[in-house]
1. Pull out the extension gain between Val180 and Thr40, defined as 0.36 nm times the separation in residues minus the alpha carbon to alpha carbon distance; nm, one decimal.
2. If DNA, RNA and ligands are ignored and the probe is 1.4 Å, what is the ranking of Glu187, Glu216, Glu199, Glu123 by accessible area, most exposed first?
3. Express in nm, to one decimal, how much length is gained between Leu427 and Phe334 on full extension, taking 0.36 nm for each residue of separation and deducting their alpha carbon distance.
4. Hey, for a label at Arg195 modelled as a point 7 Å past Cα toward Cβ, could you say which residues of segment 98-134 have their backbone N under 14 Å away?
5. Could you state how much accessible area His394 has, in square angstrom rounded to the nearest 10, with a 1.4 Å probe and all protein chains kept in place?
6. Can you give the Kirkwood hydrodynamic radius for segment 23-169, in Å, rounded to one decimal and based on Cα pairs?
7. Set the Förster radius R0 to 25 Å, insert the Cβ-Cβ distance between Glu245 and Leu119 as r into 1/(1 + (r/R0)^6), and round the FRET efficiency to 0.05.
8. Between Glu153 and Thr254, what is the label-point separation in nm under the 7 Å Cα-to-beta-carbon projection?
Amino acid sequence: MQCRGSVLNSLFCFVLFPAAAMTGVGAEDDIPLCERKTVTDFCYLLDKSKQLFNGLRDLPQYGHKQWQSYFGRTFDIYTKLWKFQQQHRQVLDNRYGLKRWQIGEVASKIGQLYYHYYLRTSETSYLNEAFSFYSAIRQRSYYHQVNKEDRPELVVKKLRYYARFIVVCLLLNKMDLVKVLVKELSEEIEDYTQRFNTEDQLEWNLVLQEVAAFVEADPLMILNDDNAVVVLSNRLQEGGVPPLEQGMVVGQLTLADALIVGNCNNQVKFSELTIDMFRMLQALEREPVNLATQSSKPGTLEPNEKPAKRENPHKYLLYKPTFSQLYTFLSASFKELPANSVLLVYLSATGVFPTGRSECEGPYDFGGVLTNTNRDVVNGEMVQKRSQAQKEMHCLHPGDLFSFTRKPLFIIVDSSNSTAYKNFSNLFGQPLVCLLSPTVYPKSMQACAMDCGKRPRNSCRRFSMTLAR
């Protein structure tokens with residue numbers, strides 16, 4: 001028993017005090033009690049933070065209330081962990097052997113928390129908070145020493161950090177910084193693949209190709225009278241709202257929830273964000289406010305513990321959802337939609353066309369838009385492998401949305417078969433708007449379209465409109 005206790009004590013010393021354990025037998029006895037408690041408290045906070053962070057993936061992706069308390073506890077523990085390592089850095093360096101990449105990992109997790117809080121609440125201010133922590137990691141070179149260690153899993157952490165930082169910069173329209181980060185990521189990937197014989201080389205090269213294509217897909221540049229580049233945002237700016245016409249009434253309906261669906265084949269994307277989703281989500285947001293300028297300690301890098309009031313409509317970003325997933329999120333938004341509010345559904349998806357003409361044309365006889373399926377796709381359109389009497393089961397037909405017209409509904413269909421929703425029925429007398437993308441180019445643009453070889457989607461934003469009340 002004495003021998004076993006000695007082994008356990010040595011193991012305890014090595015786990016909690018790796019730096020001290022390396023100095024030899026008896027080093028543990030030289031550690032003051034207060035410093036021993038500091039390391040123990042740090043290990044508790046670190047383990048608890050990892051436990052809570054890993055539990056985030058088990059939270060329901062829909063609903064407004066189920067996740068908030070868990071997010072609050074996670075924010076609290078990371079706030080304590082970040083402040084603790086700042087206050088006791090010297091002790092942790094000497095006794096615990098704290099490395100800079102470990103500090104960077106904590107900062108990266110806080111950045112991820114802010115980013116996911118933005119996704120859940122649509123509060124654009126939290127994008128700035130995520131940017132602050134991601135930017136600090138780069139400026140303070142927290143991951144710089146990772147390349148000197150023979151541990152590929154640490155390098156992967158660094159690469160994933162770069163990918164997440166690029167997404168945040170894209171959403172904040174920091175395109176110049178995006179280009180710099182892409183260059184740095186490319187160099188990191190090249191060094192990683194040369195040093196380690198890994199199987200994920202093609203995956204990381206694909207990440208580079210995706211972000212390069214994403215940046216190239218939105219090359220709009222506006223110059224002022226002095227030929228200087230003017231940076232414009234797709235978001236709603238303060239004072240940028242056009243005045244209402246005389247006699248118009250404000251406040252009858254408010255846009256509260258939005259589902260942004262991207263399921264186009266071969267469309268430019270990065271991560272799980274297509275270029276259509278990227279543009280639409282910004283159109284539904286106000287310009288972000290930097291919360292750090294409102295804190296009592298400006299210039300410090302500390303997590304903000306109290307979320308601000310949400311002013312943007314809540315959004316769900318659904319990349320290639322199945323029919324059941326799309327219907328689940330629609331039902332959740334419909335259920336929690338407040339009174340006097342509108343639900344917006346944006347569908348950017350490949351068109352599904354009917355196989356033949358039906359004797360009685362109804363809401364399931366004109367096709368619709370594609371939901372996620374493993375069926376074959378040729379030239380961007382579905383290959384039909386069913387009889388004419390059967391309807392496409394992996395398709396969102398106009399009739400599938402009729403149930404949700406019991407509340408005010410705003411539908412935008414950006415698809416090659418948008419005309420399937422042309423005669424959308426308003427069965428319950430609630431406010432209903434359908435905006436449908438064109439299926440052919442205007443004559444003035446047809447020559448350009450033939451040169452580009454593209455169908456009329458984002459290049460031509462002239463929507464036909466069906467309005468019912």
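The values are calculated or read from the model by the stated rules, or taken from the named source; none is laboratory data. Source: prediction; values computed, not measured. Using ideal geometry, Cβ is built from the backbone for each residue, glycine included, and neighbour counts are taken over all protein chains shown. Heavy atoms of the whole protein, side chains included, go into the accessibility calculation; ligands, DNA and RNA do not. Shrake-Rupley method; radii C 1.70, N 1.55, O 1.52, S 1.80 Å.
1. Additional length available on full extension: 46.4 nm.
2. Values: Glu187 95, Glu216 140, Glu199 185, Glu123 15 Å².
So, going from the largest accessible area down, we get Glu199, Glu216, Glu187, Glu123.
3. Values: separation 93, 0.36 × 93 = 33.48 nm, distance 1.63 nm.
Here the answer is 31.9 nm.
4. Residues 101 qualify, since their backbone N sits under 14 Å from the label point.
5. Accessible surface of His394 is approximately 50 Å².
6. Numbers: mean 1/r = 0.0597 Å⁻¹.
After inverting the mean inverse Cα-Cα distance, the result is 16.7 Å.
7. Details: r = 35 Å, r/R0 = 1.41.
Working from the Cβ atoms, E equals 0.10.
8. 4.7 nm
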